[in-house]
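Undergrad: Let me begin by handing over the structure; questions about it come next.
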C-alpha cells in the first residue's frame, strides 16, 4: 500500500480549494479539514482560508443559509436537526439564527403536516399508542420541535 501524499504549493492548494468551494458552499471546518488532509501546514491553512474569505469563495453566512434551505426543502428536516448539524460544523449562533429565517413558517408547518400524514399512512401498527410513538420518534429524529410533533399527533391520531 503506497501512502504517498502529493505536496502542493500555496497557489496550487488555493486553486484546488477555490474549485472545492465553488462547487458547493462549504463551512470553515470542512475547508480546514480538506487542507489538513492535503498535508498543508497551519500557517499555510490560515493564509489560504483568509484568501478564500477575501475572494468570497468561503462565506459562513451563505453556507448556513443554503444548508438550512437545502436540508429543509430536500430532506424535510426540522429546525432542531438543522441547528444541531450547523453547531457541529462550528457555525456561530448569529449565522444559525440568520439561516433559520430562510425557512418560511407557513411552509414549515405545511411540510410537517404532509410528512406526518405520509409517515402515518406507512405505519401498519394497529395499537394507537404504538402508532403515536412510532410517528413521534420519526418526526423527533428528523428534528421537528416536540410541541409541534405532539400537537400534530393529537390532530392526526384520535
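Undergrad: What FRET efficiency comes out for residue 69 versus residue 123 if R0 is 30 angstrom and r is the Cβ-Cβ distance? Round to the nearest 0.05.
TA: 0.55
Undergrad: Shifting gears a bit: Report, to two decimal places, the Cα Rg of the chain normalised by 2.2 N^0.38 Å (N = number of residues).
TA: After normalising by residue count via 2.2 N^0.38 Å, the value is 1.39.
Undergrad: Separate question: Give the relative contact order (percent, whole number) for the stretch 60-100; include only Cα pairs under 8 Å separated by 6+ residues.
TA: Once normalised by length, the contact order is 64 percent.
Undergrad: How would you rank 61-69, 105-113, highest first, on the average number of other Cβ atoms within 10 Å across their residues?
TA: 61-69, 105-113
Undergrad: Right, next: Could you check which residue among 45, 82, 96 shows the biggest mean-square fluctuation in a GNM of the chain with a 10 Å Cα cutoff?
TA: Among 45, 82, 96, the largest GNM mean-square fluctuation belongs to 45.
Undergrad: What ranking do 23-35, 145-157 get when scored by the average of other Cβ atoms within 10 Å per residue, highest first?
TA: For the peptides 23-35, 145-157, the packing ranking is 23-35, 145-157.
Read-outs throughout are calculated quantities, based only on the coordinates presented, and are distinct from any laboratory measurement. Keep in mind the model is a prediction, meaning the values are calculated, not measured. Note that each Cβ is placed from the backbone with ideal geometry, even for glycine, and that neighbours are counted across all protein chains shown.
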